[in-house]
Amino acid sequence: MGPASAVVDPLIQHALLGEAVDECPAAIFVLGEDRKYVAVNAFACGLLGYERSELLALDPGEVGLEPDFVAHLAEANRDGVTRGQAQLRAKNGDLIDVTYRACETTAARMRFWISIAFPD
């Protein structure tokens, strides 16, 4: 199997994409149907000063300063994609301005919300 055929292999694509997304210069947050974090990338952890396990244990309202987080997700669901600017609270209390996009997605027949935030 040559290099070109390896690139199109779905398992290799998922592995490469997963590793690239973990290290990309954007904070990525994935929430499950219970509106709790199920995955965060390494950039989000570093940006906010948390270990991954610490960040996954937090309620999203402790990090994002969205006044009504559930209503915000409902808006994303209704319109397909929501976008805007927000502030995230770091572990040390600092507020970090970000520009974000969020949407609903499905994986393994389960519903998730993904938010991608870029520090301003």
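Every number in this text was worked out from the coordinates using simple rules, so none of it is lab data. Just so we're clear, the structure is a prediction, and the values are computed from it rather than from any experiment. In this analysis, Cβ positions are derived from the backbone assuming ideal geometry, glycine residues included, and neighbour counts consider all displayed protein chains.
Points to keep in mind about this one:
- Potential lengthening between LEU95 and VAL30 on full extension [0.36 nm per residue; Cα-Cα distance subtracted]: 21.3 nm
- Computed extension gain for GLU23 through GLU54, at 0.36 nm per residue and net of the alpha carbon distance, reaches 9.3 nm.
- Trypsin sites (Lys or Arg not before Pro) restricted to the range 89-120 and DSSP loop, no more than 10 other C-beta within 10 Å: ARG109
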